[in-house]
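The values are calculated or read from the model by the stated rules, or taken from the named source; none is laboratory data. Please read these numbers as outputs of a predicted model, since none were measured by experiment. Every residue, glycine among them, receives a Cβ derived from its backbone with ideal geometry; neighbour counts consider all protein chains shown.
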Ligand code: GDP
């Protein structure tokens, strides 16, 4: 795919006061099949796909949110996490202001991978990144293998936001993305002011 430029750090069009716009890039990372694509499709299109195939290459969706009367756009990227796409890894992370680090609460190995995803993010990111740890598939309570406390505790020790979500039943999906977008906005406006 053609890789668009990384996020433009604000504002996109400062000449037009009323139409002030911000565009931020956010990446979704985590092991295969934790639900990255479905979190994005739930957030961007309110769709869930029970038989989704692994994403090939990279795709992104743009979502808008109004904060302080300004239009804040998030360009959300999914996913260069597979080994065969290593060639685009640095382009994937370049310019990202936010990241969702996703594991599947029913598969412990996906939680154990999170420190590696954090390392990768640190290695490739070129700015302050608003990071959220996301325990997805919280609808699968009966086969849970990572407790809420474990998620919280990892998030606290790494300085991440934390939320459990379900792309299937929509629990916390909008909240998770919007928290990250608001945090980026706050980070950026603090620096600018
Ligand atoms: P990705 O490889 O991380 O992008 O994962 P996908 O979004 O392709 O999802 C992998 C599989 O998990 C698919 O079969 C999805 O239908 C399923 N899945 C995704 N999110 C959820 C969820 O919140 N709950 C449940 N039960 N299944 C989910």
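Some observations on this one:
- Among residues of region 47-71 that are under 26 Å from residue 33 (Cα atoms), those with a Cβ under 6 angstrom from a residue that is within 13 Å of the ligand (Cβ to nearest atom) and at pLDDT below 85, sequence gap 6+ or separate chain, pair up as 55/79; 58/80.
- Count of residues meeting criterion [away from the ligand (no atom under 16 Å from the Cβ), over 13 Å from residue 65 (Cα atoms), without any contact (Cβ under 8 Å) to a residue 60 or more places away in the chain and buried (at least 16 other Cβ atoms within 10 Å of the Cβ)] in region 163-193: 0
- For region 6-59, a tally of residues being modelled with pLDDT of 85 or more, more than 13 Å from the ligand (Cβ to nearest atom) and in contact with a strand residue (DSSP E or B) (Cβ under 6 Å, 6 or more places away or on another chain) returns 5.
- All positions within region 127-155 that are at pLDDT below 95 and either on the phi > 0 side of the Ramachandran plot or out of contact with any helix residue (DSSP H, G or I) (no Cβ under 8 Å at 6 or more places or on another chain) (or both): 127
- The requirement of being within 19 Å of residue 33 (Cβ to Cβ) and surrounded by 14 or more Cβ atoms within 10 Å (Cβ to Cβ) is satisfied by residue 113.
- Of everything in region 74-96 that is buried (at least 18 other Cβ atoms within 10 Å of the Cβ) and out of contact with any helix residue (DSSP H, G or I) (no Cβ under 9 Å at 6 or more places or on another chain), the residue that is modelled with the highest pLDDT is 75.
- Per the listing 104, 126, the residue uniquely touching a residue at least 12 places away in the same chain (Cβ under 8 Å) and closer than 22 Å to residue 174 by Cβ is 104.
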